[in-house]
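> First, the structure itself, so that you have it in front of you.
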Ligand code: G3I
């Protein structure tokens, strides 16, 4: 057995070796991609992707070289693929599924039922027919044989089920019904419920964690086909306190239910945009590292998806509220630029967050939490 100091030194050296190196395909040129580092730790590393991202040669190379799976950021949501009754637009989703196939990457289907992507024509409201939902689930899952699906996205609100159109139309049993439907459509797919704001120690997030646990326990006891929970991990510096034990206990409780856990949408919203870029990048990496040290120590965590790779294409923006927190800054007309919350900068250069992810995966390998040993 290695002494702790040895492990820490090795991890540090491995992390430093990765800082500043351009992306390479796994194993090429002596620098492993995150996918290969993750594979040694029993973790499938992936990214959210858009067709636009995969059409950019540098970002496509990153996706193929660093990742073992793709999640469509936009393209498989219901309102995206079925904008009007009877009309389907598969272009965006096809582009991502095709890239995954061509590069032998896994596919996480995202997402079948989400309150923010219900087409108007579907009229999911009291009195609605479940057949509309069933047809959508079957049609989408049969077109895209993804190995994992976020069947229900963000069902929690406050300390219970979200007051979504699905709840209003079909009652609290809709989550189980959707999972059953998904299992019928593709019995090989691993089915997830995916959720945000489960990571921090605030009272509000404690209520959300308790609600999620109640939901999955009810599903498991009812024999409903649920295989895992997605922890989105949209982290945010300074938004709420992070307590390692709180996250550790929550993940252990999910694992005790026999569920797999996927980190599904990792990114970091910044706070101190006035600092130099090096300090901003260090703060982002440090924040994520504290989360990852806990998350990746849980053997049931088998996947880590970043919500994009490069800051050039990120849903995280520097918004007016951010600017308002720094009166007088950027008065010369300059700007804070991008939110720097993804592993690669806007020129696709690796940042400390990339090294933090690699370091956390290596630490997990050193702990012996590989797939083979579990
Ligand atoms: O592409 C159009 C552009 O042509 C148009 O000018 C512009 C005007 O609004 O909109 C652009 O589309 C936007 C799209 O992102 C691409 O940037 C949509 O309006 C916007 O709604 C869409 O937001 C996405 C959001 O889900 C809703 O689908 C985000 O990119 C995407 O990151 C976000 O992802 C969600 C996960 O699915 C679930 N968890 C939270 C996560 C972040 O909100």
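Here, each number is a calculation from the coordinates, and none is a lab measurement. Source: prediction; values computed, not measured. Glycine gets a Cβ as well: all are built from the backbone with ideal geometry, and neighbour counts include every protein chain shown.
> Can you give the FRET efficiency to the nearest 0.05 for residue 257 and residue 130, using r as the Cβ-Cβ distance and R₀ = 22 Å? Please list the in-between numbers first.
On the way: r = 26 Å, r/R0 = 1.20.
After rounding, the FRET efficiency stands at 0.25.
> Between residue 207 and residue 94, take the C-beta separation as r, use R0 = 41 Å, and let me know the FRET efficiency to the nearest 0.05.
Once the sixth-power term is evaluated, E becomes 0.55.
> Let me ask you something else. Which angle from 0 to 90°, rounded to the nearest 10, does the C-alpha axis of helix 91-102 make with the longest principal axis of the chain?
Rounded to the nearest ten degrees, it is 60.
> Angle check, please: helix 57-66 long axis (alpha carbons) against the longest principal axis of the chain (alpha carbons), in degrees 0 to 90, nearest 10.
90
> So, R0 is 22 Å and r is the distance between the beta-carbons of residue 143 and residue 184; what FRET efficiency does that work out to, to 0.05? Mind dumping the intermediate values first?
Numbers: r = 15 Å, r/R0 = 0.70.
Efficiency computed from Cβ-Cβ geometry: 0.90.
> Moving to a separate point now. In percent, how large is the relative contact order of the stretch 208-361, given Cα pairs closer than 8 Å and 6 or more residues apart? Walk me through the numbers on the way to the answer.
Details: 221 pairs, mean separation 38.4, N = 154.
For the stretch 208-361, the relative contact order is 25 percent.
> While we're looking at this one, here's another question. Thinking of the stretch 249-303 as a set of Cα atoms, what percent of all their pairs are more than 13 Å apart? Don't skip to the end; give the middle numbers.
Details: 951 of 1485 pairs.
Everything past 13 Å amounts to 64 percent.
> Taking Rh as the Kirkwood radius computed over C-alpha pairs, what is the Stokes-Einstein D of the stretch 292-334 at 20 °C in a medium of viscosity 1.002 mPa s, expressed in µm² per second? Could the numbers behind the result be given before it?
Working: Rh = 14.0 Å.
The diffusion coefficient I find is 153 µm²/s.
> Same structure again: Using 10 Å bins from zero, what percent of all Cα-Cα pairs in the stretch 186-253 falls into each bin?
19, 49, 24, 7, 0
> Next question. Please report, largest first and rounded to whole Å, the three semi-axes of the ellipsoid equivalent to the stretch 194-322, where each semi-axis is the square root of five times an eigenvalue of the C-alpha gyration tensor. The partial results should precede the final answer.
Details: eigenvalues 165, 42, 36 Å².
Equivalent ellipsoid of the stretch 194-322: 29, 14, 13 Å, largest first.
> Sticking with this structure for a sec: How big is the antiparallel share of DSSP beta bridges in the chain, given as a percent to the nearest 5?
On the way: 4 of 40 bridges.
Among the beta bridges of the chain, antiparallel pairing accounts for roughly 10 percent.
> For the chain, take every pair of Cα atoms, bin their distances at 20 Å starting from 0, and report each bin as a whole percent.
Result returned by the calculation: 29, 59, 12, 0.
> Kindly express, to the nearest 10 degrees and within the range 0 to 90, the angle between helix 352-367's C-alpha long axis and the longest C-alpha principal axis of the chain.
80
> Gap in Å between the Cα centre of the stretch 282-301 and the Cα centre of the stretch 189-239?
So the separation of the two Cα centres works out to 17 Å.
> So for the chain, averaging the separation of alpha carbon pairs under 8 Å that are six or more residues apart and normalising by length, what relative contact order in percent results?
Numbers: 709 pairs, mean separation 72.5, N = 374.
In percent, rounded to a whole number, it is 19.
> Okay, next question. Shape call for the stretch 26-82 from the C-alpha gyration tensor, a ≥ b ≥ c root eigenvalues: rounded (a/c under 1.5), prolate (a/b greater than b/c) or oblate? Show your work: numbers first, answer last.
Working: a/c = 5.68, a/b = 1.77, b/c = 3.21.
Oblate shape, in that a/c is at least 1.5 and b/c is the bigger or equal ratio.
> Go ahead and collect, in residue order, the members of the stretch 350-364 whose backbone nitrogen is under 14 Å from a label point 7 Å along the Cα-Cβ direction of residue 278.
Output list for this probe position: 352.
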